[in-house]
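What follows is a set of notes on a single structure, which appears directly below.
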Amino acid sequence: MFVRNKMTTHPFTVSPDQTIVDAQALITKNKVKRLPVVKNGRLVGIVSESDIERASPSKATALSMREAIYILSKTKISSIMTKNPVTIHPGALLEEAALLMRDKDIGCLPVVEDDKLVGIITASDIMDSFIELLGFREPGTRLTIEAEDAPGILSILTSVFASFGANINHVAVYKGNAGKSDVVVSTNALDTAEIEAKLEQQGFRIVHRLKH
């Protein structure tokens, strides 16, 4: 799956010349956590709720509410934004986006194509994609099967499901130890007793079962 399939298109943005008050109003009204900062059609930064909180006067100060708002209304986004943020192309794989976010310890990536902001993808988007990829919300049964980590094993496993007319919707493989792997198979079948018995006859071990 590609970034373009899960990104939010036409994200809310601010200009570097707008103020903290402007950004906070946008964040609150649209229930977002971050705003790309755009100037003359080009991405120049990103500003988050955390950036705004850090730039706001502390409640421990002697400033009145009016004085605090005045300061925020005079502080430009350009002074608190993260400049030259890490970006990604809409044609990149979701795995690339997830790896970038993990390695850079960031919660979102502006999506840029031909120097133009075309979207934004967040950690929540990645998590939703992970859930979708594993078919966790789809009706049926999810079997976690311990299998030998060897060529042809997956073919044998899937042929068992096919012999019972059970459709496999999703498959994930988690590498284990001692030459074993856990294969998570999501199937549309709700009664998997015969399938499980056949799998065990073939040398597989059923580790976990979850029905939706």
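Readers should treat all values here as calculations from the given coordinates under stated rules, not as data from a laboratory. As the structure is a computational prediction, the values presented were derived from the model and not from experiment. Cβ coordinates were reconstructed from backbone atoms using ideal geometry, including for glycine residues, and neighbour counts include every protein chain displayed.
Observations, loosely collected:
- Loop-resident sites, the stretch 100-205, for GluC sites (Glu not before Pro), counting at most 13 other Cβ within 10 Å (DSSP): none
- Modelled FRET efficiency - R0 35 Å, Ala172 with Glu113, Cβ distances, 0.05 increments: 0.70
- For the stretch 3-131, Kirkwood radius (reciprocal of mean inverse C-alpha pair distance, Å): 15.4 Å
- The stretch 3-131 - percent relative contact order, Cα under 8 Å, separation 6 or more: 32 percent
- Cα centroid separation, the stretch 144-158 to the stretch 80-111: 35 Å.
- Put in order of Cβ neighbour count within 10 Å, fewest first, the listed residues Ile156, Ile131, Ile121 become Ile131, Ile156, Ile121.
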